[in-house]
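Please see the structure below; I have some questions.
The values are calculated or read from the model by the stated rules, or taken from the named source; none is laboratory data. Just so we're clear, the structure is a prediction, and the values are computed from it rather than from any experiment. For neighbour counting, all protein chains shown are included, and Cβ atoms are generated from backbone atoms with ideal geometry for every residue, glycine included.
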Amino acid sequence: MRSLFATLLCFALIAPSAAQKTAKGATRPMPSGKDVPTLVVFITVDQLREDYLVKYAPQFTGGLGRLVRGGAFFTNAMLDYENTETAPGHATGMSGRFPRSTGIVSNSRGVYDPQAPVIGSTTMFASPFRFRGGTLIDWLRIKDARSQALSVSRKDRGAILPMGRAHQNVYWWDPASGRFTTSRYYADTLPSWLVAYNARRIPATYAGTAWRLLLPDSAYAEADSIVYENFGSDFLFPHALPADTAAAVRALTDTPVMDELTLQVALNGLKQLNLGAGTWTDVVAVSLSTTDAVGHRYGPDSREVHDQILRLDRALGAFFDSLFAVRDSTRIVIALTADHGVAPIPELYTATTHHAAQRVDLASVAKRYQKALASAGADPEDFVFEEAMLWVQRASLHRAGINVDSLERAFAAEVRALPGVARVDRLADLAKDSTKDPIARRWLHAVPPDYPIEMVVTLQPYSVWGTYAPGIHGSPYDYDNRVPVVIWGAPVKAGRYALPSLVVDLAPTLAWLTATVPTDKVDGSVLWSALK
């Protein structure tokens, strides 16, 4: 039987203390009673750059306007890690930890799990099995097991990773079927409320419609004739959806409608699960993916992105109005951030600034090295370059008689000589530079020390990886790292805060506001300046 001392020690480690020290060392009592929110709404807008909330703010009449005018808006917030992609970004916000701690370092090594088939699909699989540690909902449930959460997104990784490994209510969009679904990691069947929503076939009603400008043409400063957008095709408004229902449903992901559908499911699920109606704290996480799709297709400086942000503002406004009609707004805290930013379209950047920006693809170089390893009797999968990182199974290659150090030196020398490449670093050499070198620091924040990643490649500013889209993200530079951090609610002091802050600060701040102590060692700090 566990001793009384051990029991008390365990409780002391996980139970919320009555007070906590601020950044200045002063002791501050935790919220209690009705000062503790019964609902936390965590919104992640995929590819939302911070400057959008400043540049387009005069035209906001809905939810974004409500948040940036009535909440604490941190205008100098960063992710502060490399490989700024969707999966790492969604694993960061509600965990308060960098990818080096969550284990989610890239999209390709994000949520794919052949042991977790998606309900209704034979080709899709997803779970959080790679995720390490806990998130806000875990900390809340340790305090009160009645706390529950709902997470909804267009993307599987956008829905899954904010919850960590928690078995909560997690749903995402299946474009093949035009339904919201989940995987067998969470359930064997969909709940009746979601079955009923899917049965309404709302997405199919958009077949043959078009995405048109929300405001008059004169309200947009951006030209609508940039041929670099969308690979030179369909870059003028309006953007028509196919008349064929199945094709239209697949195309919805690139239109503002997708965000509206996601918010509909989130609101429906909140009501059906009765979230935020008790005396404890529940969580709703919503990841809105259309800005990412539009930014990839048309670039961050396009009229399409401008219109998408305005429509997002209206959609969030309708969502908040509906939410506040069924829940007390004084007992709700809302956080908004993004998983990454985006670089300008390289060709457009080069044409307008006359500074070269490259599209870099090392696939052919990496395949040549893998082919040589196979010829030497080694496993080519022991030397894999993907998403700017070189994964090396050193012991296996050594057993095959490969001089790994010589191999890596040759690879690095060849890559350094390519146009658009700024630097090639061994991770082991970065630690000594991390305090003075922001790129080194951001790489060290990105990679767990036990992962077999030995070398990383950084491109020159404004150069991008690959040719899969006009607008691309994934660099350590500020245009990919700088995102908004906004907190709204009764306990928050409204205003704009220019002091440096991080996305990993959100989870410990929300934990404080909910009188909850993180049971993980977080990388962020409580944003005391914004709290009443």
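Between a residue in the stretch 413-435 that is within 23 Å of Gly466 (Cα to Cα) and any residue that is assigned to a helix (DSSP H, G or I) and aliphatic (A, V, I, L, M), which pairs come within a Cβ distance under 7 Å, given they are 6 or more apart or on different chains?
Glu414/Val365; Val415/Val365; Val421/Val415; Val424/Ala412; Val424/Val415
Now, a different point. Residue pairs, Cβ under 6 Å, 6 or more apart or interchain, first in the stretch 352-368 and surrounded by 15 or more Cβ atoms within 10 Å (Cβ to Cβ), second assigned to a helix (DSSP H, G or I). List them.
Close Cβ pairs satisfying both conditions: Ala357/Pro346; Ala357/Tyr349; Ala357/Thr350; Arg359/Pro346.
Does Ala196 satisfy the condition of being hydrophobic (A, V, I, L, M, F, W, C), in a helix (DSSP H, G or I) and without any contact (Cβ under 8 Å) to a residue 24 or more places away in the chain?
Judged against the criteria, Ala196 is a match.
Need a quick list: helices (runs of 4 or more DSSP H) entirely within the stretch 58-135 having at least 3 residues that are within 18 Å of the chain's Cα centre (by Cα).
It comes to 86-92, 99-102.
While we're here: Only one of Gly158, Gly164 is touching a Gly at 6+ places or on another chain (Cβ under 6 Å), of a type outside the set (Ser, Thr, Tyr) and closer than 21 Å to Ile43 by Cα. Can you tell me which?
Residue meeting the stated conditions: Gly164.
Conditions tested, residue by residue: (1) within 19 Å of Val284 (Cα to Cα); (2) touching a residue at least 12 places away in the same chain (Cβ under 8 Å); (3) buried (at least 19 other Cβ atoms within 10 Å of the Cβ).
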| position | (1), (2), (3) |
| --- | --- |
| Arg97 | no, yes, yes |
| Arg100 | no, yes, yes |
| Met124 | no, yes, no |
| Gly134 | yes, yes, yes |
| Pro162 | yes, yes, yes |
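To continue, here is another question. Name, by its number, the condition in (1) surrounded by 19 or more Cβ atoms within 10 Å (Cβ to Cβ); (2) farther than 24 Å from Leu48 by Cα; (3) not assigned by TED's automatic domain parsing to the domain that holds Val105 that does not hold for Asp450.
Unmet for Asp450, out of (1) surrounded by 19 or more Cβ atoms within 10 Å (Cβ to Cβ); (2) farther than 24 Å from Leu48 by Cα; (3) not assigned by TED's automatic domain parsing to the domain that holds Val105: (1).
Looking at (1) without any contact (Cβ under 8 Å) to a residue 24 or more places away in the chain; (2) within 20 Å of Leu150 (Cα to Cα), can you tell me which one Ala372 breaks?
That leaves (2) as the condition not met.
Right, here's the next one. Test Ala176 against the criterion of being of a type outside the set (Asp, Glu), closer than 30 Å to Gly134 by Cα and part of a loop (DSSP other than H, G, I, E, B), and give yes or no.
It is false that Ala176 is of a type outside the set (Asp, Glu), closer than 30 Å to Gly134 by Cα and part of a loop (DSSP other than H, G, I, E, B).
The rows are residues; the columns are (1) closer than 21 Å to Lys155 by Cα; (2) in a helix (DSSP H, G or I); (3) within 28 Å of the chain's Cα centre (by Cα); (4) touching a residue at least 12 places away in the same chain (Cβ under 8 Å).
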position: Pro203; (1), (2), (3), (4): yes, yes, yes, yes
position: Leu213; (1), (2), (3), (4): no, no, yes, yes
position: Phe231; (1), (2), (3), (4): no, yes, yes, yes
position: Leu236; (1), (2), (3), (4): no, no, no, yes
position: Thr253; (1), (2), (3), (4): yes, yes, yes, yes
position: Gln264; (1), (2), (3), (4): yes, yes, yes, yes
position: Leu267; (1), (2), (3), (4): yes, yes, yes, yes
position: Lys271; (1), (2), (3), (4): no, yes, yes, yes
position: Gly276; (1), (2), (3), (4): no, no, yes, yes
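Residue pairs, Cβ under 8 Å, 6 or more apart or interchain, first in the stretch 436-447 and part of a loop (DSSP other than H, G, I, E, B), second surrounded by fewer than 24 Cβ atoms within 10 Å (Cβ to Cβ) and at pLDDT below 95. List them.
Correct list of pairs: Asp437/Leu430; Val447/Leu427.
Out of Arg141, Arg97, Arg109, Arg130, which single residue is closer than 13 Å to Met163 by Cβ, out of contact with any Phe, Trp or Tyr (no Cβ under 7 Å at 6 or more places or on another chain) and among the basic types (Lys, Arg)?
Of the residues listed, the single one that is closer than 13 Å to Met163 by Cβ, out of contact with any Phe, Trp or Tyr (no Cβ under 7 Å at 6 or more places or on another chain) and among the basic types (Lys, Arg) is Arg141.
For residues that are part of a helix (DSSP H, G or I) and out of contact with any helix residue (DSSP H, G or I) (no Cβ under 7 Å at 6 or more places or on another chain), scanning just the stretch 372-398, find the one that is surrounded by the most Cβ atoms within 10 Å (Cβ to Cβ).
Ala372
Every residue in the stretch 140-171 that is under 25 Å from Lys271 (Cβ atoms) and part of a helix (DSSP H, G or I), please.
Hits for the stretch 140-171 are Leu140, Arg141, Lys143, Asp156, Gly158, Ala159, Ile160, Leu161, Pro162, Met163.
For (1) within 19 Å of Tyr369 (Cβ to Cβ); (2) in contact (Cβ under 8 Å) with a residue 60 or more places away in the chain; (3) of a type in the set (Phe, Trp, Tyr), each residue gets a yes or a no:
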| site | (1), (2), (3) |
| --- | --- |
| Asp450 | no, no, no |
| Ile453 | yes, yes, no |
| Tyr462 | no, yes, yes |
| Ala469 | no, yes, no |
| Ala490 | no, yes, no |
| Gly495 | no, yes, no |
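Still on this structure, I have one more. State all residues of the stretch 464-491 that are in a loop (DSSP other than H, G, I, E, B), touching a Ser or Thr at 6+ places or on another chain (Cβ under 8 Å) and under 27 Å from Leu348 (Cα atoms); if no residue qualifies, say none.
His473, Gly474, Ser475, Pro476, Val483, Pro484
Do we have any residue at all in the stretch 384-400 that's closer than 21 Å to Ile472 by Cβ and in contact with a Leu (Cβ under 7 Å, 6 or more places away or on another chain)?
Yes, the stretch 384-400 has at least one match.
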